[in-house]
Amino acid sequence: MPNIERNILITGGAGFIGSHLVRLFVRRYPNYRIVNLDALTYAGNLDNLSDVASQSNYLFRKGDITDVAFLEAIFKEFDIDSVIHLAAESHVDRSISDPMAFVRTNVMGTANLLQTATKYWRNTQNNLFYHISTDEVYGSLGKTGLFTEKTAYDPNSPYAASKAASDHFVRAYAQTYDLPVVISNCSNNYGPNQFPEKLIPLFINNIKENEELPLYGDGQYTRDWLYVLDHVEAIDTVFHQGKLGETYNIGGFNEWKNIDLVRVLCQLMEEKLQRPKGSAEALICFVKDRPGHDRRYAIDANKIKKELGWEPRVTFEEGLSKTIDWYLANAAWLENVVSGAYKNYYKKQYLT
Ligand code: NAD
Ligand code: TYD
């Protein structure tokens, strides 16, 4: 193994974004030791990392960020100098049915990590605590306007509130204990390995299975979509070049109303599956709205573009096409993650 320059703890590395980030760091930085800490909840899956599992600069530890003794042992065992914190409960619908799970992991877990880092880094230098957060902390936009780094926090869902609380704790630890921190707030990600409870992978799976496509409310809700590999490139950029204490908004400059996005997705799927035109679109059904549903998210990602030189590279057309291809080619992965108790969950809750 080459000389180790950094010992980086990535939390939530078995999840959707975390697994792409772990892969990028393990391959791009052979001199960094990457310790992936993940509780392997329903959303964590080590199959996402089978291609890097045997790399000498990669290690996995199963554990929970709500377990302080476990965190302290990890910092000690690997002499952790930097943290990129992604572990979280991440789905808004689940936060409505089980908000306390979000308080536990997203608020308590983040506070535990901050406390452990503060304690462990008391007499060390070149440390960084990087919190991966969401644009949902800013609440909902009207027809116009964009979220900037100066937009006031105004979270609406229990998920958004838990991420806002964790961002506040990160800032408080920087102000109070001089912890070196940086935060990024990103828009909706899509791409391979995303658990099929979020809009795009859920609908890809449902089209494939000829099942209904449950659009909440009037389907006119708007999100800004970013390909996951663009997000992990942005994380790499902020990790290496971000200014301490700063926040960076990350987005795709790519706003879509849900109904328009779903229509494009249906057309692409019909082509790829060689099904009759209109057959996938016929599966769309409008269902009861999500309570507290944010109308519109849109990110102004000009700060990271101007100051750090990052911008998205993958067009939506290309990203969506690659994503569909990945799900169609990885039927076993999909079947594995939706089998068992979960399969009934979203149908029972939302197709009423
Ligand atoms: P995900 O749900 O796919 O993965 C979360 C991972 O965290 C899983 O591997 C899970 O096992 C792990 N985890 C959950 N609770 C844990 C605990 N208590 N201890 C240790 N590990 C635990 O999530 P994702 O979509 O990859 O999101 C990753 C991060 O990025 C989250 O912090 C999320 O808030 C943020 N984010 C996500 C998006 C998005 O569109 N997905 C957008 C912006 C920000
Ligand atoms: P989602 O992927 O859950 O992300 P978030 O809620 O974090 O933005 O949802 C994206 C959009 O799609 C959001 O407006 C809710 C909507 N949606 C549906 O209409 N039907 C669904 O089954 C899901 C999961 C989401």
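Take PHE253 and tell me if it is in contact with an Asp or Glu (Cβ under 8 Å, 6 or more places away or on another chain) and more than 28 Å from SER166 (Cβ to Cβ). So PHE253 fails the test.
Tell me, yes or no, whether the stretch 139-152 has at least one residue that is on the phi < 0 side of the Ramachandran plot, outside any loop (DSSP other than H, G, I, E, B) and within 16 Å of ligand 2 (Cβ to nearest atom).
The initial filter retains those residues of the stretch 139-152 that are on the phi < 0 side of the Ramachandran plot, namely 140-144, 146-152.
Then keep just the ones that are outside any loop (DSSP other than H, G, I, E, B); that gives 147.
So of that shortlist, the ones also within 16 Å of ligand 2 (Cβ to nearest atom) come out as 147.
Yes, some residue in the stretch 139-152 is on the phi < 0 side of the Ramachandran plot, outside any loop (DSSP other than H, G, I, E, B) and within 16 Å of ligand 2 (Cβ to nearest atom).
Against the definition (away from ligand 1 (no atom under 16 Å from the Cβ) and open to solvent by less than 20 Å² (accessible area, probe 1.4 Å)), how does LEU244 come out, yes or no?
When the stated conditions are applied, LEU244 does not pass them.
Scanning the stretch 174-226 for residues that are outside any strand (DSSP E or B) and of a type in the set (Val, Ile, Thr), we see that the one that is most open to solvent (accessible area, probe 1.4 Å) is THR176. Of all residues in the stretch 290-304, those being open to solvent by 30 Å² or more (accessible area, probe 1.4 Å) and closer than 14 Å to ASN254 by Cβ number 1. So which of GLU317, GLU335, GLU311 ends up being assigned to a loop (DSSP other than H, G, I, E, B) and free of Cβ contacts under 8 Å to residues at least 60 places away in the same chain? Residue meeting the stated conditions: GLU311.
Against the test of being charged (D, E, K, R), buried (at least 19 other Cβ atoms within 10 Å of the Cβ) and assigned by TED's automatic domain parsing to the domain that holds ALA14, the options LYS163, LYS143 yield a single qualifying residue, LYS163.
Considering the stretch 7-30 alone, what residues qualify as being in a strand (DSSP E or B) and among the hydrophobic types (A, V, I, L, M, F, W, C)? Once the filter is applied, which keeps residues that are in a strand (DSSP E or B) and among the hydrophobic types (A, V, I, L, M, F, W, C), the stretch 7-30 yields ILE8, LEU9, ILE10.
State whether the residues of the stretch 277-289 include one that is closer than 30 Å to TYR153 by Cα and open to solvent by less than 30 Å² (accessible area, probe 1.4 Å). The answer is yes, given that some residue of the stretch 277-289 is closer than 30 Å to TYR153 by Cα and open to solvent by less than 30 Å² (accessible area, probe 1.4 Å). Sub-7 Å Cβ pairs linking a first residue in the stretch 186-200 that is closer than 15 Å to ASP47 by Cα to a second residue that is in a loop (DSSP other than H, G, I, E, B) and open to solvent by 10 Å² or more (accessible area, probe 1.4 Å), at least 6 apart or interchain, are PHE195/ALA43, ordered by first then second residue. The requirement of being in contact with a helix residue (DSSP H, G or I) (Cβ under 6 Å, 6 or more places away or on another chain) and under 27 Å from LEU59 (Cα atoms) is fulfilled nowhere in the stretch 139-149; no residue meets it.
The values are calculated or read from the model by the stated rules, or taken from the named source; none is laboratory data. Quick caveat, the model's predicted, so the values are computed rather than measured. Here the Cβ is made from the backbone with ideal geometry for all residues, glycine too, and neighbour counts use every protein chain on show. Protein only, heavy atoms only, side chains kept; ligands, DNA and RNA dropped before computing areas. Shrake-Rupley method; radii C 1.70, N 1.55, O 1.52, S 1.80 Å.
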